[in-house]
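Everything on this sheet refers to the single structure shown next.
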Amino acid sequence: MRLIKSVGAWFDERLQLAAPVREIMEHRVPRQTASWAYVFGSAALTVFALQIITGILLALLYVPSAGEAWNSLQILNHQVALGWFIRALHGWGSNFMVAIVLIHMLQVFLFGAYKFPRELTWIVGILLLLLTLGMAFTGQVLRFDQDAYWGLGIGASISSRIPVLGPWIVNLLLGGPIIAGPTLSRFFALHVFVIPGSLIAFVGLHVLLVLKLGINEWPMPGRIVRRATYVKEYHELTQKDGVPFVPGAIVKDMFFSGFILLALAACAVYFGPFGPSGQPDPTIIQTVPRPDYFFLWLYAVLSLLPPSMETPALLIGPVIALGVLLALPFFSGEGEKSWKRRPIAVLTILLVAVALGTFTQLAGRAPWSPVMDAWSGEPIPAIYLKGRTALERQGALVFQAKQCHNCHALGGAGGERGPELDRVAVVLTQDQLIRQVIQGGGNMPAYGKNLSPAETTALVAFLETLHPPGLAPARDSSLGVESGVRP
Amino acid sequence: MTAPDRLSRRGMFMKLSLLLNGAVGVVLAVPIIRYLLSPVIRERAPGYESWLSLGDLGQFPEGQTRIATYRSPAANPSDGETANIPCWVRRVGGAKFQVFAINCAHLGCPVRWFPQSGLFMCPCHGGAYYSDGSRASGPPERGLFEYRYKVEHGNLLIHAGEMPTTGAPVARLTKIVPLTNITIGKPPCA
């Protein structure tokens, strides 16, 4: 014991760190901030540390080469002892980190912590969010599989729409004319050196700012932030009703971080590593690329925006969103902190959360994508064929053979790109069906060139049978007038 | 002590050292930036595009659309399979071809040809194109990207090399047809 003490004293005589560290540990924080609502920042830091460790472990075996990366991941998954577990930890760590950073940001926003004097802390936090998302995207690229390959293609296609500079930015992003070796190498450099280096620097700055300015006090309705008086009021609060950070507040941080690591490890063990999916071979086109979870909402937005709005939304949208986030502490730097007195803030959060949640949920189903194998893989329900004429059954065959099923569902199976057709005969008359099939329209291709008159007749005959038993099919009432029968 | 308007010896050295380091910074920055921009500042005059063979004409039956693959002219050994680029070859008849990029004109996903319905369909955001590459439906603003081609000594050659995006050379060949007659969200027979 005495030896440890004297060794410690020897080091401290040279480093002189004990006093400042003790000062940091014992600095007073408002008593109410020793709360479970204040644990997300430290949890994000903990997961970041885990990401660094597991990242280094993966780098021991990963080969950042377009020809070899996919194979090295297979080796990690299947041949190296517990390689799958390290990959799973790193992959789940990524999801946890994005989630915790978002929750942390939400808490900071709702508690008004971005207001005076913590504007810079918020701005650095926004940078940290962008860097975290950058890590998530570049990490997905390093998993160099089909999803990564085509995801890069989407990134390049979006970049190419930037006016004037677009094509050059694509070359810069890909490191050449196509997605290939140099592309993976530069994303490796970004994921392993550039972004983590920036993250470490900005995390340091972020924590330094928290220490210098003090943790945000628990917001009380009616306690107004004023530039002139805030710093003095905060100081008084920490003196009158404060506790030392260690051990007063840090206990909950430590408990929560431990819990998060445990939950993360449980996910890693239970669900295993992410991918890799198919080989990154562009000649394998039987693929349905999907982005990782936190980019699913973007995938939905890209599918649902009207074509004419897409490029402006893609190029201007992020600039506006980022501008609003960065400007927030300047146009809302004073006033109420409590969410109970900030209805617009709460409603904004709800709106954003509902929008992102809806888009993410939709993207899981992707109703806008044709189901590429429905025409050969999803049979027409037997009840739609039973007791039908030969012509109608021939029409069902045309329906399958011409890939109608890829976009139109029958009996709940098939694509959702177009409307489901179980009741189409109730909605459209024979003439309307023929017109729609031949001329298309309403976002449906025209099939006039690809259907013979006989095929069209058969297909329409089949479509006319698609109505519920108790409901008569639509008919053209003018036909009755023409033939002298009252409709 | 010197008067404030006079340059002291120490002050002058400070300024000189800043000037020297600034100059060294610029001297180093130029090659670094040049290195970083090397994918943009192309070494060769024609850029990344060149004439590449897709093979014998016999592989492409008249009136049909077949997939073909070429090796990227910029390929290097570490590229592995990523340098094998597929494309769709439609032989309209005789020596008349259309060679489409595999990449959807929307956001670059691989389109698939369905000969039965005569459509190219994209698995990502649901773009669809007719057999001649023109836009049929979905989010794309234009038809498929088309490569320039020529037939030489019984071989089909295309002018390719760069991933087709809206800004790439291949995209400048085809005009964007303005979106007309598209009724989104309106029932077809309203």
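The values are calculated or read from the model by the stated rules, or taken from the named source; none is laboratory data. Everything quoted here is computed from the prediction, not taken from an experiment. Note: ideal-geometry Cβ built from the backbone for every residue, glycine included; neighbour counts use all protein chains shown.
Scanning region B:116-148 for residues that are part of a strand (DSSP E or B) and either more than 7 Å from chain A (Cβ to nearest Cβ) or touching a Leu at 6+ places or on another chain (Cβ under 8 Å) (or both) yields B:Phe120, B:Ala128, B:Tyr129, B:Tyr130, B:Arg135, B:Ala136, B:Glu146, B:Tyr147, B:Arg148.
Taking region A:396-436 as the range and being within 40 Å of the chain's Cα centre (by Cα), part of a helix (DSSP H, G or I) and free of Cβ contacts under 8 Å to residues at least 24 places away in the same chain as the test, only A:Gln436 passes. Has region A:247-268 got at least one residue that is in contact with a Pro (Cβ under 7 Å, 6 or more places away or on another chain) and assigned to a helix (DSSP H, G or I)? Taking every residue of region A:247-268 in turn, none turns out to be in contact with a Pro (Cβ under 7 Å, 6 or more places away or on another chain) and assigned to a helix (DSSP H, G or I).
Scanning region B:68-88 for residues that are crowded, with 22+ Cβ neighbours inside 10 Å, more than 7 Å from every other protein chain (Cβ to nearest Cβ) and over 17 Å from the mean Cα position of the chain (by Cα) yields a total of 0.
Listed here are the residues, each with its yes/no results for (1) touching a Gly at 6+ places or on another chain (Cβ under 9 Å); (2) surrounded by 20 or more Cβ atoms within 10 Å (Cβ to Cβ); (3) charged (D, E, K, R).
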position	(1), (2), (3)
A:Leu410	no, yes, no
A:Gly414	no, yes, no
A:Glu420	yes, no, yes
A:Val426	no, no, no
A:Asp431	no, no, yes
A:Gly441	no, no, no
A:Ser452	no, no, no
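Could you go through region A:444-456 and let me know if any residue there is away from chain B (no Cβ under 11 Å) and under 21 Å from A:Tyr384 (Cα atoms). Yes, because at least one residue in region A:444-456 is away from chain B (no Cβ under 11 Å) and under 21 Å from A:Tyr384 (Cα atoms).
Does A:Pro167 meet the test of being assigned to a helix (DSSP H, G or I) and either facing chain B (nearest Cβ under 7 Å) or not polar (S, T, N, Q) (or both)? Yes: the conditions hold for A:Pro167. Of a type outside the set (Val, Ile, Thr) and free of Cβ contacts under 8 Å to residues at least 40 places away in the same chain: does that describe A:Leu50? In short, no.
Looking at this structure, is B:Leu52 at the interface with chain A (Cβ under 10 Å from one of its Cβ atoms) and either in a helix (DSSP H, G or I) or among the aliphatic types (A, V, I, L, M) (or both)? No; evaluated as a whole, the condition is false for this residue.
Okay, residues lined up against (1) modelled with pLDDT under 90; (2) in a helix (DSSP H, G or I); (3) surrounded by fewer than 18 Cβ atoms within 10 Å (Cβ to Cβ):
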| residue | (1), (2), (3) |
| --- | --- |
| A:Lys340 | no, yes, yes |
| A:Leu350 | no, yes, yes |
| A:Val354 | no, yes, yes |
| A:Gly364 | yes, yes, yes |
| A:Met372 | yes, no, no |
| A:Gln394 | no, yes, no |
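Among the residues making up region A:357-414, those that are touching a strand residue (DSSP E or B) at 6+ places or on another chain (Cβ under 6 Å) and at the interface with chain B (Cβ under 10 Å from one of its Cβ atoms) are A:Pro370, A:Gln403.
Scanning region A:332-387 for residues that are of a type in the set (A, V, I, L, M, F, W, C), touching a residue at least 60 places away in the same chain (Cβ under 8 Å) and farther than 18 Å from A:Ala401 by Cβ gives A:Trp339, A:Ala345, A:Val346, A:Ile349, A:Phe359, A:Leu362, A:Ala363, A:Ala366, A:Trp368. The test for being under 30 Å from A:Ser303 (Cα atoms) and out of contact with any Phe, Trp or Tyr (no Cβ under 6 Å at 6 or more places or on another chain) holds for A:Leu451. Close contacts from region A:451-474, counting a first residue that is assigned by TED's automatic domain parsing to the domain that holds A:Gly387 and without any contact (Cβ under 8 Å) to a residue 60 or more places away in the chain and a second that is part of a loop (DSSP other than H, G, I, E, B) and among the basic types (Lys, Arg), with Cβ to Cβ under 7 Å and a gap of 6+ residues or different chains, come to A:Leu451/A:Lys402; A:His467/A:Arg423; A:Pro468/A:Arg423.
B:Trp113 falls short on exactly one of the conditions (1) among the hydrophobic types (A, V, I, L, M, F, W, C); (2) modelled with pLDDT of 90 or more; (3) outside any strand (DSSP E or B); (4) farther than 18 Å from B:Glu162 by Cβ, and that condition is (3).
Evaluated against (1) more than 9 Å from chain B (Cβ to nearest Cβ); (2) at pLDDT below 95, A:Ser157 falls short on exactly one condition, (1). State yes or no: is A:Gly480 touching a Pro at 6+ places or on another chain (Cβ under 7 Å) and more than 21 Å from B:Gly138 (Cα to Cα)? Yes.
Going by what's in this entry, would A:Leu130 be described as surrounded by fewer than 17 Cβ atoms within 10 Å (Cβ to Cβ) and part of a helix (DSSP H, G or I)? It is true that A:Leu130 is surrounded by fewer than 17 Cβ atoms within 10 Å (Cβ to Cβ) and part of a helix (DSSP H, G or I). If the condition is being within 11 Å of chain B (Cβ to nearest Cβ), farther than 24 Å from A:Trp368 by Cα and either part of a helix (DSSP H, G or I) or not charged (D, E, K, R) (or both), then region A:269-282 contributes A:Gln279, A:Pro280. Consider region A:457-485 and keep the residues that are buried (at least 19 other Cβ atoms within 10 Å of the Cβ) and not in a loop (DSSP other than H, G, I, E, B). The one that is farthest from the other protein chains (Cβ to nearest Cβ) is A:Ala461. Of all the listed residues (A:Pro117, A:Pro64), the sole one being surrounded by fewer than 20 Cβ atoms within 10 Å (Cβ to Cβ), in contact (Cβ under 8 Å) with a residue 60 or more places away in the chain, assigned by TED's automatic domain parsing to the domain that holds A:Phe202 and not in a helix (DSSP H, G or I) is A:Pro117. Restricting attention to region A:368-382, the residues being within 15 Å of B:Gly127 (Cβ to Cβ) and aromatic (Phe, Trp, Tyr) number 1. Applying the criterion of being within 12 Å of chain B (Cβ to nearest Cβ) and out of contact with any Pro (no Cβ under 9 Å at 6 or more places or on another chain) to the residues of region A:287-310, the residue that is surrounded by the fewest Cβ atoms within 10 Å (Cβ to Cβ) is A:Met309. A Cβ distance below 6 Å, combined with a sequence gap of six or more or placement on separate chains, defines the contacts here; from region A:284-299, residues that are without any contact (Cβ under 8 Å) to a residue 12 or more places away in the chain reach residues that are crowded, with 17+ Cβ neighbours inside 10 Å in the pairs A:Ile285/B:Pro110; A:Ile285/B:Arg112.
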